[in-house]
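Read the structure below first, then the notes.
The values are calculated or read from the model by the stated rules, or taken from the named source; none is laboratory data. Quick caveat: nothing in here was measured; it's all calculated off a predicted structure. Cβ placement follows ideal geometry from the backbone for every residue including glycine, while neighbour counts extend to all protein chains displayed. Just the protein is used for accessible areas: all its heavy atoms, side chains included, with ligands, DNA and RNA removed. Shrake-Rupley method; radii C 1.70, N 1.55, O 1.52, S 1.80 Å.
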Amino acid sequence: MLRPPRSRLWRIVDVMVSLVVGLYLTALVVDNSTEHAVVLTIFGMLAGVAQGVALWWRRSHPVPVMAIALVGGLVVHLLAPQGIFPFAGLVAIGSLAATRPPRVSLPALAGLLGLTAVNFLTAAADDAQFAMAFPVVAWALGEAVRNRRVAVEEASRRAAGEEQARIARELHDVIAHSVSVIVVQAAAADDVFDERPDQARAALRSIESAGREALGELRRLLAAVRPGADGESPHPQPGLDRLGELVEPLRAAGLKVAVRREGIDSAGPLPAGVDLSAYRIVQEALTNTLRHAGAGHAQVTVRASSGVLELEVLDDGRGAARTGNGPGRGVAGMRERAAMLGGTLDAGTRPGGGFRVHARLPLRGAR
């Protein structure tokens with residue numbers, strides 16, 4: 001149910017509409033007072049005033065106002081047939097169509113057309129036909145306003161949903177990667193705590209570094225979505241230039257990661273959205289390798305050629321363990337990131353063992 005808020009300007013407009021319509025309808029009845037009894041004249045004046053007053057609530061209570069306009073309009077028309085236009089009804093049908101769906105407004109339009117058709121009994125045929133067009137025009141204008149408002153609200157909901165999905169992906173990528181590193185390093189520290197305290201301390205330092213990085217990423221993300229934020233964050237969005245920082249804690253956790261860059265430097269600066277999404281895809285792929293694959297080696301290849309950025313992440317772990325229908329959304333999230341940029345992503349086991357993630361992200365048009 002759509003009830004648009006009324007600003008001060010609209011309140012003034014509503015007052016003016018109510019006064020003008022009410023006074024005009026009352027004047028119509030008064031002009032014909034000599035043709036009717038005093039009681040009928042008073043009754044008609046009350047009907048005119050009631051229609052004008054009711055129009056004040058035409059936005060918040062359009063259905064009752066429409067009913068009052070139809071009943072009061074019939075009374076006024078019978079007492080003053082020279083007023084061929086049901087002015088209160090025209091205003092009411094426009095407001096009703098603007099705030100209610102056609103299943104509600106169309107029956108009201110039919111009633112208003114029936115009221116207007118009474119002119120065929122009291123006025124010339126040409127005048128009556130001319131008057132019949134106005135209810136349809138008023139309804140069409142109101143329906144156009146309603147459709148536009150619905151489209152704006154749907155676009156707002158869709159944008160909010162997309163923003164929520166983006167934030168969820170960012171949180172998943174940041175937390176899953178950092179927590180995975182922390183868990184692996186904590187387990188390693190526990191294994192060598194008594195025999196190799198130096199390695200245990202190194203693992204603890206890696207845990208501290210991963211925790212600080214996660215906190216920094218979360219602060220950046222929360223600063224960007226905080227109400228009233230100007231959209232600028234003191235921490236820049238991560239990109240492919242930070243792959244070295246990304247793989248360092250993984251290497252400390254025992255996963256040997258090799259990074260190859262081909263054609264990136266000659267391709268020039270990458271679009272911000274592609275740069276961030278590429279970083280997140282590599283981050284998620286390596287996080288899955290660390291958490292699920294039991295791999296010892298991984299290779300990341302970043303290649304830019306012919307307006308396309310290619311990402312390939314290979315490992316020698318248990319690839320089949322990640323192809324089941326588990327609760328994780330890692331691969332699905334990577335595909336969503338690629339699809340948002342008009343790209344593609346394939347993920348699956350390798351014929352010789354291990355797992356492969358391959359993404360193609362278009363560079364042209366993404367800037």
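Just the residues that are open to solvent by 50 Å² or more (accessible area, probe 1.4 Å) and of a type outside the set (Phe, Trp, Tyr), please, taken from the stretch 188-200.
Restricting attention to the stretch 188-200, the residues satisfying the condition of being open to solvent by 50 Å² or more (accessible area, probe 1.4 Å) are 190-191, 193-199.
Across the stretch 188-200, the qualifying residues are 190, 191, 194, 195, 196, 197, 198, 199.
The set of residues from the stretch 251-309 being among the acidic types (Asp, Glu) and open to solvent by less than 20 Å² (accessible area, probe 1.4 Å) comprises just one member, 284. There is no residue in the stretch 339-351 that is within 21 Å of residue 278 (Cβ to Cβ), at pLDDT below 70 and either surrounded by fewer than 16 Cβ atoms within 10 Å (Cβ to Cβ) or more than 32 Å from the chain's Cα centre (by Cα) (or both). The test for being modelled with pLDDT of 90 or more, open to solvent by 20 Å² or more (accessible area, probe 1.4 Å) and closer than 23 Å to residue 144 by Cβ does not hold for residue 112.
Set side by side, the residues 63, 15 differ, and just one is touching a helix residue (DSSP H, G or I) at 6+ places or on another chain (Cβ under 8 Å), under 30 Å from residue 152 (Cβ atoms) and at pLDDT 90 or above, which is 63. Sort through 16, 66, 45 and tell me the only one that's under 41 Å from the mean Cα position of the chain (by Cα), crowded, with 18+ Cβ neighbours inside 10 Å and aliphatic (A, V, I, L, M). Just one listed residue meets the conditions, 66.
Mind checking which residues of the stretch 131-174 are of a type in the set (Val, Ile, Thr) and surrounded by 11 or more Cβ atoms within 10 Å (Cβ to Cβ)? Of everything in the stretch 131-174, those that are of a type in the set (Val, Ile, Thr) and surrounded by 11 or more Cβ atoms within 10 Å (Cβ to Cβ) turn out to be 136, 137, 145, 150, 167, 174. Out of everything in the stretch 296-313 that is in contact with a helix residue (DSSP H, G or I) (Cβ under 8 Å, 6 or more places away or on another chain) and of a type in the set (Val, Ile, Thr), what residue ends up being farthest from residue 243 (Cα to Cα)? The extreme case among them is 313. If only residues of the stretch 252-307 that are among the polar types (S, T, N, Q) and outside any helix (DSSP H, G or I) are counted, the one that is modelled with the lowest pLDDT is 266.
Contact map, the stretch 120-133: first residue among the hydroxyl-bearing types (Ser, Thr, Tyr), second residue open to solvent by less than 60 Å² (accessible area, probe 1.4 Å), Cβ cut-off under 7 Å, separation 6 or more or different chains; pairs are 122/81.
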